[in-house]
1. Pick out, from ILE277, PHE216, GLY128, the residue whose Cα sits farthest towards the positive end of the charge dipole of segment 124-288, with +1 on the Cβ of Lys and Arg and -1 on the Cβ of Asp and Glu.
2. For the chain, with a Gaussian network of springs between Cα atoms less than 10 Å apart, report the residue from GLU203, GLU38, GLU146 with the top mean-square fluctuation.
3. Within the chain, which cysteines find no other Cys whose Cβ is under 4.7 angstrom from their own?
4. Under a GNM of the chain (C-alpha, springs under 10 Å), which listed residue has the highest mean-square fluctuation: GLY224, GLY271, GLY96?
5. Under 16 Å from the Cα of LYS92, which lysines turn up, not counting those fewer than eight places away in the same chain?
6. Compute, for segment 124-288, the length of the dipole vector about the Cα centre, with Cβ point charges of +1 (Lys, Arg) and -1 (Asp, Glu) only. Units Debye, rounded to 20.
7. Short version: what are the Cα gyration tensor semi-axes of segment 6-94, square root of 5 times each eigenvalue, largest first, in whole Å?
8. Could you tell me, in Å, what Rg and Dmax come out for the Cα atoms of the chain?
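Every number here is computed from the coordinates shown, using simple stated rules; none is lab data. No experiment lies behind these values; they were computed from the predicted model shown. Counting neighbours? That spans all protein chains shown, and the Cβs are built from the backbone with ideal geometry, glycine included.
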Amino acid sequence: MNTAHHILIYGCKIPGYHERDTPRIVWDCGEMANSKNEYIRAPTCASGSEIIYAWAMDAPALVLPEGVGFKVGGDTGVNYLVLQVHYAHVDKFLNGAFDNSGIILKLLPQNTQKVNKRAGVLLLGTGGSIPNKSIEHMETACTIDEPLELHPFAFRTHTHKLGKVVSGFRITPDGRWTLVGRHNPLKPQMFYSVKDKDLVVRENDVMAARCTMDNFLDQTVRIGSTGDDEMCNFYMMYYVDGDRILEKKYCFSPGPPFYYWTSDPIIPNDGFVPKAIDIEASRLSEDEQ
């Protein structure tokens, strides 16, 4: 973490930038704040963007469950893999220093019998701002509107320094809330196993996430890409038994002060959040602290 703050692998239909016969080309993906940056600026993906993996905060490696894998190439829409590295400080690179941060992937042929479940990632996040000297809930929710059964098996949380608790829930149409995962985002930001191994997310269920933020600073902090900004992300990694994963891979809200669960009509019972859930979403258990 002293070098790379966090790393993401994106699957792209078309990368934001490429050069012929230069697979290791480096570019500024629009999230580098240093004004002295001399890299070509382009988005991470020009089209077909999806997150395949994310790492941060000294987390150990992720090992997928037996029979589960991500499909790339062919007709999957993932023609390129782009490694995006976020650095807390880049000053040393301006003086000619190098970095070998990266991720090792294991690839299998298309006709392998070792993988029979396709993995995907749903990223929930928010925009918004956190007033100074206050505790704020940054929330988002989206309806699963595709005829699929998702089997969550891992989750990951991510904030910067103001995050205290990040939690994700599945909400059924009749208003039953089930915790998918909850974690202290200031601890190693690896993918953690979902406790309820039998949890299934179905069509018309709602996926919801909350980041409880404690702004102890003297100024308002907004969602953004630099280390001085904040982020509120909950990643749900899942598999399906078939070959089709979610087409909608992101679930974002404007965040506070414009959005809360209680103002969202897709939350069952007119945005009603049971008191027990409100507490559960923002309080860590003893083994999570």
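1. The listed residue farthest towards the positive side: PHE216.
2. Of GLU203, GLU38, GLU146, the Gaussian network model singles out GLU38 as fluctuating most.
3. CYS29
4. GLY96
5. Answer for LYS92, where 16 Å is the Cα cut-off: LYS36, listed by chain and number.
6. 360
7. 25, 19, 10
8. Every Cα atom of the chain included, Rg and Dmax give 19.2, 58 Å.
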